[in-house]
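First the structure, in the form of structure tokens, and then the observations on it.
The values are calculated or read from the model by the stated rules, or taken from the named source; none is laboratory data. Please read all numbers here as calculations on a predicted model, not as lab measurements. Every residue, glycine among them, receives a Cβ derived from its backbone with ideal geometry; neighbour counts consider all protein chains shown.
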There are 2 protein chains.
Amino acid sequence: MVSLEDVAKHAQVSTATVSRALSRPEMVAEATRERILQAARELGYQPNQLARSLRQRSSRTLGLIITDILNPFHATLAKGVQDAAEKRDYTVFFFNTDEDPEKEKRALNVLRGHLPRGLLIVPSPKARENLKQVPKIPIVELDRTSGTPGVRTVMVDNAGGAKTAVQHLIELGHRRIGMIVGRLDISTAVERHQGYREALLAAGIPYREELVLPGNHREEDGRQAALALLSLPKEERPTALFVGNNEMTVGAVLAVRELGIRIPEELSIVGFDDSRWAATMHPALTVVAQPTYELGFLACETLLSSLSRGQAALPTSIRLDTTFIVRESTAPPGGLSKGLGKQRRNRH
Amino acid sequence: MVSLEDVAKHAQVSTATVSRALSRPEMVAEATRERILQAARELGYQPNQLARSLRQRSSRTLGLIITDILNPFHATLAKGVQDAAEKRDYTVFFFNTDEDPEKEKRALNVLRGHLPRGLLIVPSPKARENLKQVPKIPIVELDRTSGTPGVRTVMVDNAGGAKTAVQHLIELGHRRIGMIVGRLDISTAVERHQGYREALLAAGIPYREELVLPGNHREEDGRQAALALLSLPKEERPTALFVGNNEMTVGAVLAVRELGIRIPEELSIVGFDDSRWAATMHPALTVVAQPTYELGFLACETLLSSLSRGQAALPTSIRLDTTFIVRESTAPPGGLSKGLGKQRRNRH
DNA sequence: GTAAAGTCTGCAAACGATTGCAATATACGC
DNA sequence: GCGTATATTGCAATCGTTTGCAGACTTTAC
């Protein structure tokens, strides 16, 4: 490894001057600088980030913790973050927790040792506790919130998105609308559930507990929940299903197929979060789409600009709108399918 | 940040002893060690990895460079790598190149500054050149190879997998089999193309250049290529399509739908690489499945064990078998669909 | 021509860990 | 009881940067 000192010798100056030539060019004379840059180039010098960060007591890195990289939603989130970070010359340390608080804890500890300048996290259910261990670096929570005081959040309007979806079902004439909700110790699930209730309330439809089933956000959970809901006696059985995340929606659709129930003639389905799968399956799925990439990108920019004081501080908490996309999986209870491709933008 | 020195003061010993108590416990007297560990716990001490790595001139980190995190194949690869690394207490620095050699170059440079102990890379087309810049750390290429001498590779048997797929089509009676091949400066595409040719050759079917179209691995490329192939005059038009990667397969299927061509009655399709989409679309897609997670996991283990000399050195180059999964998207040229769910394991 | 101001450069001390070597204390052998 | 081996501990150098301070030299002002 070629070091500052090697470059210094080669250019016949001190290491201090080399350092300055590289990071504060205006402090060194034109001629000297040229000579130094030349030498650095010749030797293929690459600064040692470890030494630099050690000395400066902070590194140009960020931590990113997500819960499931195999979920395209999270992969997209990660790409948004990475792109935003790269644009500002930050490197991101990337961890995957599989929703496991223990893994999250380990990730946080490892991260600490690398002195990241900030942290982006999709918090696990126990994040609030885990985050206490972390020294006070700027944190942005994305997609959901752990409720930790003082951290910024970047999320979508979950309640609004859910409400629109359920309203759509109600307008089509559905009265028995089931929901597969997700874990109620995760804020997104709570908020989507809230939206579901609001829509029912607004339409004067009583909330029925037995139509709302929790799930652990995995495909298999969605499948089980859908099987349970759809094996209720005919008059109790929901005529429409609202599913709280993309993976569970896949499971629900598979369950429906297993049971030989036709979509949308016998059952309408709306999912939360769009995906290629949802758009191209048959019948194409009506969904509440999220600006996923933007969510990640914006979260990272928020963090970054809260680091450099020069920038005007962005708001503490950001909510992005969802987009409701009507496709082919929803129709009136007994009836005909509606036209496709209609989009509606939510406000909150 | 609480440092070794803080712990040392608190436990009334020197920093040297604290360091040893933590990393070489057997060198420190029982009682002293206890006292130190206690102090460390009380203060919430977390070692500064930067300082440690600087001193040891190497860090417990790996670099991972993939080309497209949004592609589930690559996301799965990354998860395999991460899991393997975590098991051995390594942290991975993660980069995404979007197949862009410039981004790859930048990633490599950033990586250098962090002194990773090894590098895992899905090489971009220009990787061979970029890798020259990198000091000689152990490198494992995964999924494809750049041809750089001296690096290990972990890949699947692309030629064998492709050959099986095309043989299957031939057995069904197809004679005009098109291929959407991918970029020929990427080894996987070359090998899959090779397998395609071999299968034709073995069956005495002449290779027809006009039935083989390149694509840039994206969905849209697959769509364009399929549109081109399928708008050939009736007698020239392929009756079956073999598509070289998952994203292009999606595009091809969408193109087929646009044209109103029925699968498999009017056109058989086989894709390389399985996915949820392929398994659940209608009709379910016949594919050459890859052991993706294992590919990543194994690549990382290979790298790690080449680092610790104690381990028996694993072979330089690993090939994993693909699995051919017959589903519903293939049938005889004019005819009836075959049974589904049949699997066949390849050998090479 | 001299003092003051300004430019450029180098010295040396950090940052927080690891580690070769030496010092001290203790145990052991005879 | 003395010499030697062994077990613990501390000293201080080191990794590759950055940066406060001071010195050397040049320019400017009067």
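Which members of region B:1-27 meet the condition of being under 45 Å from the mean Cα position of the chain (by Cα) and not in a helix (DSSP H, G or I)?
Answer for region B:1-27, where residues must be under 45 Å from the mean Cα position of the chain (by Cα) and not in a helix (DSSP H, G or I): B:MET1, B:VAL2, B:SER3, B:ARG24.
Answer yes if at least one residue in region A:202-220 is closer than 19 Å to A:ASP157 by Cα and touching a Phe, Trp or Tyr at 6+ places or on another chain (Cβ under 8 Å), and no otherwise.
No, region A:202-220 contains no residue that is closer than 19 Å to A:ASP157 by Cα and touching a Phe, Trp or Tyr at 6+ places or on another chain (Cβ under 8 Å).
For B:LEU70, indicate whether it is surrounded by fewer than 19 Cβ atoms within 10 Å (Cβ to Cβ) and away from DNA strand C (no atom under 16 Å from the Cβ).
Yes; evaluated as a whole, the condition is true for this residue.
State whether one or more residues within region B:130-140 are assigned to a loop (DSSP other than H, G, I, E, B), surrounded by fewer than 18 Cβ atoms within 10 Å (Cβ to Cβ) and touching a residue at least 60 places away in the same chain (Cβ under 8 Å).
No: region B:130-140 contains no residue that is assigned to a loop (DSSP other than H, G, I, E, B), surrounded by fewer than 18 Cβ atoms within 10 Å (Cβ to Cβ) and touching a residue at least 60 places away in the same chain (Cβ under 8 Å).
Tell me the residue from B:ARG33, B:ARG55, B:ARG41 that is within 13 Å of DNA strand D (Cβ to nearest atom), within 14 Å of chain A (Cβ to nearest Cβ), out of contact with any Gly (no Cβ under 7 Å at 6 or more places or on another chain) and farther than 30 Å from A:ALA78 by Cα, please. Outline the logic, then answer.
Numbers: B:ARG33 fails: within 14 Å of chain A (Cβ to nearest Cβ); B:ARG41 fails: within 13 Å of DNA strand D (Cβ to nearest atom).
One residue alone meets the criteria, B:ARG55.
Could you please find all residues in region A:150-173 being under 14 Å from A:LEU241 (Cβ atoms) and crowded, with 24+ Cβ neighbours inside 10 Å?
Selection gives A:ALA162, A:ALA165, A:VAL166, A:LEU169.
Filter region B:58-96 down to residues that are basic (Lys, Arg) and within 16 Å of DNA strand D (Cβ to nearest atom), then give me how many there are.
So in region B:58-96, the residues basic (Lys, Arg) come out as B:60, B:79, B:87-88.
This time we only want the ones that are within 16 Å of DNA strand D (Cβ to nearest atom), so: B:60.
Summing the residues that are basic (Lys, Arg) and within 16 Å of DNA strand D (Cβ to nearest atom) in region B:58-96 gives 1.
Given the criterion at pLDDT 95 or above, closer than 30 Å to A:VAL92 by Cβ and not polar (S, T, N, Q), identify the matching residue among A:GLY204, A:GLY296.
Every option except A:GLY296 fails the conditions.
Specify which of the listed residues (B:GLY251, B:GLY222) is more than 23 Å from B:GLY160 (Cβ to Cβ) and buried (at least 20 other Cβ atoms within 10 Å of the Cβ).
Being more than 23 Å from B:GLY160 (Cβ to Cβ) and buried (at least 20 other Cβ atoms within 10 Å of the Cβ) holds for just one of B:GLY251, B:GLY222, which is B:GLY251.
List the pairs whose first member sits in region A:88-105 and is more than 12 Å from chain B (Cβ to nearest Cβ), whose second member is aliphatic (A, V, I, L, M), and whose Cβ atoms are under 6 Å apart, counting only residues at least 6 apart or on separate chains?
If the second residue must be aliphatic (A, V, I, L, M), the pairs left are A:ARG88/A:LEU304.
Would you pick out the residues in region B:31-68 that are assigned to a strand (DSSP E or B) and β-branched (Val, Ile, Thr)?
If the condition is that a residue be assigned to a strand (DSSP E or B) and β-branched (Val, Ile, Thr), then B:THR61, B:ILE65, B:ILE66 are the ones that fit.
Kindly list, by first and then second residue, each pair from a residue in region A:1-28 that is within 14 Å of chain B (Cβ to nearest Cβ) to a residue that is of a type in the set (A, V, I, L, M) and within 9 Å of DNA strand C (Cβ to nearest atom), limited to pairs with Cβ atoms under 6 Å and residues at least 6 apart or on different chains.
A:LEU4/A:VAL18
Looking at region A:235-292, which of its residues are within 13 Å of chain B (Cβ to nearest Cβ), aliphatic (A, V, I, L, M) and outside any helix (DSSP H, G or I)?
Passing the criteria: A:ILE263, A:MET281, A:ALA284, A:LEU285.
If I go through region A:62-83 residue by residue, how many of them are hydrophobic (A, V, I, L, M, F, W, C) and either in the same structural domain as A:ASP274 (by TED's automatic domain parsing) or under 18 Å from A:LYS126 (Cβ atoms) (or both)? Lay out the reasoning, then the answer.
Just the residues of region A:62-83 that are hydrophobic (A, V, I, L, M, F, W, C), to begin with: A:62, A:64-66, A:69-70, A:73, A:75, A:77-78, A:81.
Subset that is either in the same structural domain as A:ASP274 (by TED's automatic domain parsing) or under 18 Å from A:LYS126 (Cβ atoms) (or both): A:65-66.
Qualifying residue count for the region: 2.
Quick check on my filter: what residues within region B:106-126 are touching a strand residue (DSSP E or B) at 6+ places or on another chain (Cβ under 7 Å) and either assigned to a helix (DSSP H, G or I) or within 14 Å of chain A (Cβ to nearest Cβ) (or both)?
Within region B:106-126, the subset touching a strand residue (DSSP E or B) at 6+ places or on another chain (Cβ under 7 Å) is B:107, B:110-111, B:114, B:116-123.
Those that are touching a strand residue (DSSP E or B) at 6+ places or on another chain (Cβ under 7 Å) and either assigned to a helix (DSSP H, G or I) or within 14 Å of chain A (Cβ to nearest Cβ) (or both): B:ALA107, B:VAL110, B:LEU111, B:HIS114, B:PRO116, B:ARG117, B:LEU120.
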